[in-house]
1. What single numbered condition from (1) in contact (Cβ under 8 Å) with a residue 60 or more places away in the chain; (2) part of a helix (DSSP H, G or I) fails to hold for residue 80?
2. Report whether or not residue 156 is at pLDDT 90 or above, small (Gly, Ala, Ser) and within 17 Å of residue 62 (Cα to Cα).
3. Output the qualifying pairs, or none if there are none: Cβ atoms under 9 angstrom, residues six or more apart or on different chains, first residue in the stretch 128-150 and free of Cβ contacts under 8 Å to residues at least 24 places away in the same chain, second residue open to solvent by 100 Å² or more (accessible area, probe 1.4 Å) and aromatic (Phe, Trp, Tyr).
4. Only one of these is assigned to a helix (DSSP H, G or I), within 16 Å of residue 63 (Cβ to Cβ) and touching a helix residue (DSSP H, G or I) at 6+ places or on another chain (Cβ under 8 Å): 91, 134, 102, 109. Name it.
5. Test residue 141 against the criterion of being out of contact with any helix residue (DSSP H, G or I) (no Cβ under 9 Å at 6 or more places or on another chain) and open to solvent by 70 Å² or more (accessible area, probe 1.4 Å), and give yes or no.
6. Among the residues of the stretch 95-110, what is the count of those that are open to solvent by less than 60 Å² (accessible area, probe 1.4 Å), of a type in the set (A, V, I, L, M, F, W, C) and touching a residue at least 40 places away in the same chain (Cβ under 8 Å)?
7. I need a count of the residues in the stretch 1-53 that are assigned to a loop (DSSP other than H, G, I, E, B) and either surrounded by 10 or more Cβ atoms within 10 Å (Cβ to Cβ) or modelled with pLDDT of 60 or more (or both).
8. Considering each of 124, 163 in turn, give the residue that is within 11 Å of the chain's Cα centre (by Cα) and part of a helix (DSSP H, G or I).
Amino acid sequence: LPFSACLIPALAVLATGLFFLRLSRRTGLAESHPLARTAGSDPSDRMRAYLILAVTLLLGGLVYQAMQPAVPKLMDLQFPGLGGGSLMGVGLLVAAIYGVAGFLQIYAGHLADRHPLKLVYLGSYLLFIPALLGLAYGEGYWLALFALLAVTAQTASLPVENSLLARYTPDRWRGSAF
């Protein structure tokens, strides 16, 4: 593996980190603010929330990890002629799908900030189920659309899960929980 193959991404990550550090100091993002406690004071509510999150995090994580190698293979098999039959076309399409889904995760975070967390969380999984079905049976451009919807729905749940964990985690355990 050439040295530059590791050096260039490392420099990009370092530059991004320094930019974020500078931005956070200038905008006050680094300041710690106490988290609003709107839920989680009742131990039974907290336990129920943890159980629901544990199941959805476990199963959602398993599906997400299974999708990582499956989506490129599905694109290769079910999208004939993509990129002239080269792996470059498959790789570029999958990278675009995950890139767009990553940016849409930011929008999901905004939804989580403005709407009830339970509704946003439920909505992400209600989108995820038909998207997985479409991913299983789709071909061509439909397959790419369903892959985008499935990955977007999966990543949209992440900001909500973090918010729910923070809401139900006692202050003294917050560092351990995350």
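The values are calculated or read from the model by the stated rules, or taken from the named source; none is laboratory data. Here the structure is a predicted model, which is why all the values come from computation and not from measurement. Using ideal geometry, Cβ is built from the backbone for each residue, glycine included, and neighbour counts are taken over all protein chains shown. The area values use the complete protein model at the heavy-atom level, side chains included, leaving out ligands, DNA and RNA. Shrake-Rupley method; radii C 1.70, N 1.55, O 1.52, S 1.80 Å.
1. Among (1) in contact (Cβ under 8 Å) with a residue 60 or more places away in the chain; (2) part of a helix (DSSP H, G or I), the lone unmet condition for residue 80 is (2).
2. On the way: at pLDDT 90 or above: yes; small (Gly, Ala, Ser): yes; within 17 Å of residue 62 (Cα to Cα): yes.
Yes.
3. 134/142; 146/137
4. Every option except 134 fails the conditions.
5. On the way: out of contact with any helix residue (DSSP H, G or I) (no Cβ under 9 Å at 6 or more places or on another chain): yes; open to solvent by 70 Å² or more (accessible area, probe 1.4 Å): yes.
Considered against the rule, which asks whether it is out of contact with any helix residue (DSSP H, G or I) (no Cβ under 9 Å at 6 or more places or on another chain) and open to solvent by 70 Å² or more (accessible area, probe 1.4 Å), residue 141 comes out as yes.
6. Residues that pass the stated criteria total 3.
7. 10
8. 124
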